[in-house]
Amino acid sequence: MSENFQKKFNLAWHQHEHYWIIIYGRAALAPALIQALQQVGLKPLSGGSAAYGGRTSRQWKDAWDRVYEVLTEHNADAIVEVALVPGEELMDDAFIKRQSVMATQAIAESLWLGDALMEGRILCYLQPVLSSNDKVFGYESFARVIQHDGTVIAGDRIVTASKALGIEYMIDRHLQVQAIKTFMSSQFNGFLFINFFPGFIHRPAVYLEGLAETVKSFGILPKHIVLDFTKSELPHDIGHLKNVCEYARTCGYSIALDDIESVKSMQRLFSEIRPDFVKIDMQLVHKIAEPQSRSVIQDIVEIAHASGCTVIGEGVETDPMYQSLKLLNVDLFQGYLFSPPLPVEVALKRGAL
């Protein structure tokens, strides 16, 4: 991976030749714990505090695994703090960030994502969104990581790992651009739905600059790019969310509210956000045979259509689900009944999209 790519993602836990693992005791540590730490290579550090540290290589997780095993065996997570410090020499202790044992373990367990970025193994899969006459309306992009053994890691784990590594802002921007490049390389047509996480956006113009440059370079109509966000990622500050969406709308992008499971969850944001699309939560779609679920879906459709908003049924897995949604006047459909998310080259070979 290039140095510029490293700097772009600030892969702090991947790009240095040496790291220090330091254990700070909140009080004096028990002799048995001290002895165990020393046995895995951590030595007392000067400075008067109960600190034990050791330098390791770029592959610091191997050393951390041994330290973590010691801390777990001694039930030490409540009595110690951990610092991971990159570099040949230790910096001034006053500038060293300390964190919990579990926060450090979360970073160690998420290193696969940084490795995937460095090795170009994070890809965008596409899943079709169909109209009621089975015509392709557009596609949703899903992030996937391909492991060395061929296994595929899906979006939720990618989001969790990116947060642990502190790169969720950067990877979200990267995936927006990659989704467009993947879509355009396929020569598919229609709308492109891109997952969008507005909760940590402070400057929308900066956050969306890479997307804007890519849209312009490919000559895509901005309204064909749908920024698709879920209620689980909505910030508590609705005013902030409104401002982000208004800026996105001034750029010409479309907006989708995802995972709508009730009229209440829809109405809470509908008047403020004024989305172009509403996506019915798949759990509600899966219960469409139940009268109460059908009634909720019907209410969502009526409210959306009254505002000129298009309704998408997600997670359509069976023909009865599909036919029932059509009877309720849902506009668009997405799910494994039609196609799972696929790499472009596989979809083209199968004729799935």
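Throughout, read-outs are computed from the coordinates displayed, never taken from laboratory work. From a predicted model like this one, the values you see are computed outputs, not experimental measurements. Here the Cβ positions follow ideal geometry from the backbone for every residue, glycine too, while neighbour counts run over all protein chains shown.
As a test of understanding, state the convex hull volume per residue of region 36-116 from its alpha carbons, in Å³.
Normalising the Cα hull of region 36-116 by residue number yields 102 Å³.
Quick check on packing: order 145-156, 280-291 by the mean number of other C-beta atoms within 10 Å, highest mean leading.
280-291, 145-156
Calculate for the chain the 222 nm mean residue ellipticity that helices alone would give, adding -39,500 (n - 2.57) per DSSP H run of length 4 or more and normalising by residue count, nearest 500 deg cm²/dmol.
The per-residue figure over the chain is -12500 deg cm²/dmol.
Please figure out what share of the DSSP beta bridges in the chain is antiparallel and state it in percent, rounded to the nearest 5.
60
Return a whole-number percent for the relative contact order of the chain, with Cα pairs under 8 Å and 6 or more residues apart as the contact set.
This gives 13 percent for the chain.
Using a cut-off of under 19 Å, list every residue of region 166-198 whose amide N is near the label point 7 Å from the Cα of His240 along the Cα-to-beta-carbon line.
So the set is 166-173, 196-198.
For Ser262 paired with Asn75, estimate the spin-label separation in nm (one decimal), with each label point 7 Å from Cα along the Cα-to-Cβ line.
My value for the distance between the label points is 4.0 nm.
List the lysines whose Cα sits under 20 Å from the Cα of Lys181, skipping any in the same chain fewer than 8 residues away.
Within the straight-line cut-off, Lys181 pairs with Lys8, Lys216, Lys223, Lys349.
Distance between the C-alpha centers of region 239-262 and region 83-132? Whole Å please.
Computed from Cα coordinates, the inter-centre distance equals 28 Å.
Counting C-alpha atoms alone, how compact is the chain: give Rg to one decimal and Dmax as a whole number, in angstrom.
Rg, Dmax (Cα atoms, Å): 24.2, 74.
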